[in-house]
1. Expressed as a fraction of 2.2 N^0.38 Å, the rule-of-thumb size for a compact globular protein of N residues, what is the C-alpha radius of gyration of the range 18-58?
2. Write down the Å³ per residue value for the convex hull defined by the alpha carbon atoms of the range 54-194.
3. Could you give the distance between the Cα centres of the range 103-121 and the range 53-99, to the whole Å?
4. Give a residue-ordered list of calculated ³J(HN,Hα) values for the range 98-104 (Karplus: 6.51 cos²θ - 1.76 cosθ + 1.60, θ = phi - 60°; whole Hz; x for Gly, Pro).
5. Amide H to amide H, which residues 5 or more places from residue 81 or on other chains are under 5 Å from it, using H placed in the peptide plane?
6. With the radius of gyration and the Kirkwood radius both derived from the Cα set of the range 14-123, what is their ratio Rg to Rh?
7. For the ranges 34-47, 107-120, what's the packing order if you count other beta-carbon atoms within 10 Å of each residue, average per peptide, and put the highest first?
Amino acid sequence: MSEKKEKVLKQESIPPMGLKMIFREFLKDKMAIFSLVLLVAVLLFVFIGSAVIDQSQVMRVSILDKYAVPGAISPNGGTYLLGADEGGRDVWGQLIIGARNSILIGFSITIITSIVGVGLGIISGYYGGIIDNILMRIVDFVMILPIMLIIIVIVSIVPRYNVWTFIWVMSAFYWVGKARLFRSKTLSEGRRDMLVHRKPSEPMTLSSCSAKSCRTLAH
């Protein structure tokens, strides 16, 4: 019994770390929980609603229904909940489809650019040398390009343009910022590793650091 009590006391004395601490603090914040529930509800509503709505029917032009008032009956028997635009298209349907596309584009571009940028930035800062030079010259070249003009041209000449085409085109240019950021962070961590492992009385030379730190310091 005494051993069990000691184990329990040790477990209670150990402060929560990492995800446990984040989860505990999150549960204490009622506003954060409410915001999470609201966000999940909005996402479910948008994606389920866009799956049910017929996009071709929503984007169909009907001149006779131009600027229809909210609550008006459409030719196919539906109701314009928020009215119609100058082309007689349902504003409510366009709102749902536009919200789905915006959320999908934002999340997808963020995930893709984070994976590519973080990976290449860490590789560049860790290995250094010719790998670092090649990757950073590519980053510098992409950063000086007129990105928005190039994206507009690419989108205009692509024959079958859709949401995923736009996502891949945007992701091809917007990973460079994260790559430079994580390269500099990797370099700083490498120098910190060299300082930690150096003896206090030892001068800071290339011979006093580890192989990885020396490569980082040299570049």
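1. Rounded to two decimals, the normalised Rg is 1.78.
2. Hull volume over Cα atoms, normalised by residue count, gives 138 Å³.
3. Result: 34 Å between the Cα centres.
4. Once rounded to whole Hz, the list reads x, 5, 4, 5, 5, 5, 4.
5. Here the answer is 71, 92, since their amide H atoms fall under 5 Å of that of residue 81.
6. Working: Rg = 21.0 Å, Rh = 17.5 Å.
That ratio is 1.21, to two decimals.
7. By packing density, highest mean first, the sequence is 107-120, 34-47.
Bear in mind these aren't lab numbers, they're just calculated from the coordinates by the rules spelled out. Just so it is clear, the model here is predicted, and its values are computed rather than measured. Counting neighbours? That spans all protein chains shown, and the Cβs are built from the backbone with ideal geometry, glycine included.
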